[in-house]
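S.K.: This is the structure, below, for whatever I ask next.
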């Protein structure tokens, strides 16, 4: 059973994503915060268990990032819809994920010498986005406004999103222009 724990935790995140978004949209702010926090901690837990005991799998390699992306997508869209997150940041987050996903698919289709794995900047960006969304959810749950904090968080998140997109794009272009093919 422990061997399947990382994938079960990723599956929990897949289910939590629309549930957290629904809670935001239904103004169940404390519940949304709890669901989001639980899902975020499940990401840490599944990574720890998978690395600590070597319980990695092909399914997990796809399921974990998919669950992360869907959690961010659903939460950012819901936070925008209730006016907590700016539209431009939501578009930026979605565009980054689409570009990275398209690059990964294209690299595989072209057999490019590109290892498809999360980079440090990608992990840092995910952490910043989780923290940002968590702060927005906490502010909603406490019925508080902190416009300067939200604005600073928006710009910080945007900086990480743009920087990570640029680094992933650079990696893709380097592989594309290298001319080498993998077998």
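Each reported figure results from applying straightforward, stated rules to the coordinates on display, with no laboratory input. Bear in mind that the values here come from a model prediction, so they are computed numbers and not experimental data. Cβ coordinates were reconstructed from backbone atoms using ideal geometry, including for glycine residues, and neighbour counts include every protein chain displayed.
S.K.: Give the Rg (one decimal place) followed by the Dmax (whole number) of region 21-95, computed from C-alpha coordinates and expressed in Å.
M.R.: Cα-based Rg and Dmax for region 21-95 come out at 14.4, 42 Å.
S.K.: What's the FRET efficiency of residue 52 with residue 124 using the Cβ-Cβ distance as r and R₀ = 22 Å, to the nearest 0.05?
M.R.: Working: r = 21 Å, r/R0 = 0.97.
That gives a FRET efficiency of 0.55.
S.K.: Between region 1-48 and region 53-82, what's the alpha-carbon centroid distance in Å?
M.R.: Between the Cα centres of region 1-48 and region 53-82 lies a distance of 9 Å.
S.K.: Rounded to the nearest 500, what is the chain's calculated 222 nm mean residue ellipticity when only DSSP H runs of at least 4 contribute -39500 (n - 2.57) each, over all residues?
M.R.: Per the formula, -28500 deg cm²/dmol.
S.K.: Before anything else, pin down the relative contact order of the chain: Cα pairs under 8 Å, at least 6 apart, normalised by residue count, whole percent.
M.R.: Contact order relative to length: 27 percent.
S.K.: Based on other C-beta atoms within 10 Å, arrange 128, 162 from fewest to most.
M.R.: 162, 128
S.K.: Could you tell me, in Å, what Rg and Dmax come out for the Cα atoms of region 127-183?
M.R.: Computed over the Cα atoms of region 127-183, radius of gyration and Dmax are 17.8, 56 Å.
S.K.: Relative to the longest principal axis of the C-alpha atoms of the chain, give the angle of the C-alpha long axis of helix 87-109, reported between 0 and 90° and rounded to the nearest 10°.
M.R.: 20
S.K.: Return one number: the angle in degrees, 0 to 90 and rounded to the nearest 10, between the long axis of the Cα atoms of helix 147-178 and the longest principal axis of the Cα atoms of the chain.
M.R.: Roughly 10 degrees, rounded to the nearest 10.
S.K.: Let me see the pair-distance distribution of region 1-40: every alpha carbon pair, 10 Å bin width, integer percents in order.
M.R.: Histogramming region 1-40 at 10 Å steps yields 33, 43, 18, 5 percent.
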